[in-house]
Amino acid sequence: MNTFALEIFDNEGSICSFYTVRWEDSDISEADRFFDNYNNAKHNRAYQELAVFIFKKIADETGALEDYFRFENSAQALPPSGKYDIGELTINYANFPLRLYCLRISDQLVVLFNGGEKTAGTAQGGKTSMAFIEANGFAKRILEAWAQNDIYVAPSGREFRYYNNNTEILL
């Protein structure tokens, strides 16, 4: 079985913390893979809008409200459908070209996976298919570990702990 680490990605927001997963034999997390891959001229506007939505709207303004997430089996995806105001910026996510898969634990805690360019009518089709499959695998294993009390959400509500209170979590 492939082992992965559950690790902090960004906990600088005032309301919500973000975790990610990293395959045990990899130097880079799945969320970093996504952000590195889509930080380019072709996707610049979508990349910037998604980053603002995640790290300003969710992290600092509102938390990870359930309405912000698209349900994709065991996992979820960002961005949501619709229009959102973030400061003086209005973002319309109709026909948004990117999907970032994740697992919303609560308003205060989200695990970011990888994603892709939306090129088909379903998550299982097009360029998002492999990221979709992996995200659902990660989500199932995290939820199973949580249900079996192998991991838990710390009293702060913004971080995971291993059963022995260790923050280094391998699943």
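Every number in this text was worked out from the coordinates using simple rules, so none of it is lab data. Note that the structure is a prediction, hence the values are computed from the model and not measured. Cβ placement follows ideal geometry from the backbone for every residue including glycine, while neighbour counts extend to all protein chains displayed.
The string of couplings for region 71-86 from the Karplus curve (6.51, -1.76, 1.60, θ = phi - 60°) is 8, 10, 6, 6, 9, 10, 9, 10, x, x, 7, x, 10, 9, 9, 10 Hz, one whole number per residue in order, with x for Gly and Pro.
Net charge of the neighbourhood of R141, taken over other residues with C-beta under 14 Å away and scored Lys/Arg +1, Asp/Glu -1, is -3. Tell me the net charge near N95. Cut-off is 14 Å between Cβ atoms, N95 excluded, with +1 for each Lys or Arg and -1 for each Asp or Glu. After counting each charged neighbour, the total is +3. Ordering Q148, A77, S26 by the projection of their Cα atoms onto the charge dipole of the chain, which places +1 on the Cβ of Lys and Arg and -1 on the Cβ of Asp and Glu, puts A77 at the extreme positive end.
When you count the other C-beta atoms within 10 angstrom of each residue and take the mean per peptide, 71-82, 12-23, 146-157, 96-107 line up highest first as 96-107, 12-23, 71-82, 146-157.
Placing +1 on the Cβ of every Lys and Arg and -1 on the Cβ of every Asp and Glu, with nothing else charged, gives region 4-170 a dipole about its Cα centre of roughly 560 debye. Along its principal axes, the chain has C-alpha extents of 44, 33, 27 angstrom, given from the largest down. Taking Lys and Arg as +1 and Asp and Glu as -1, the other residues whose beta-carbon sits under 11 Å from that of F18 total -2. Spin-label pair D10-N39: with each label point 7 Å from Cα along the Cα-Cβ axis, the two points sit 1.1 nm from one another. Amide H contacts for I105 (H built 1.01 Å from N in the peptide plane; partners 5 or more residues away or on another chain; cut-off under 5 Å): V110, V111. Note: relative contact order over region 1-154, using C-alpha pairs below 8 Å and six or more positions apart, is 20 percent. The alpha-carbon of K56 sits under 24 angstrom from the alpha-carbons of these lysines, leaving out residues fewer than 8 places away in its chain: K42, K83, K118.
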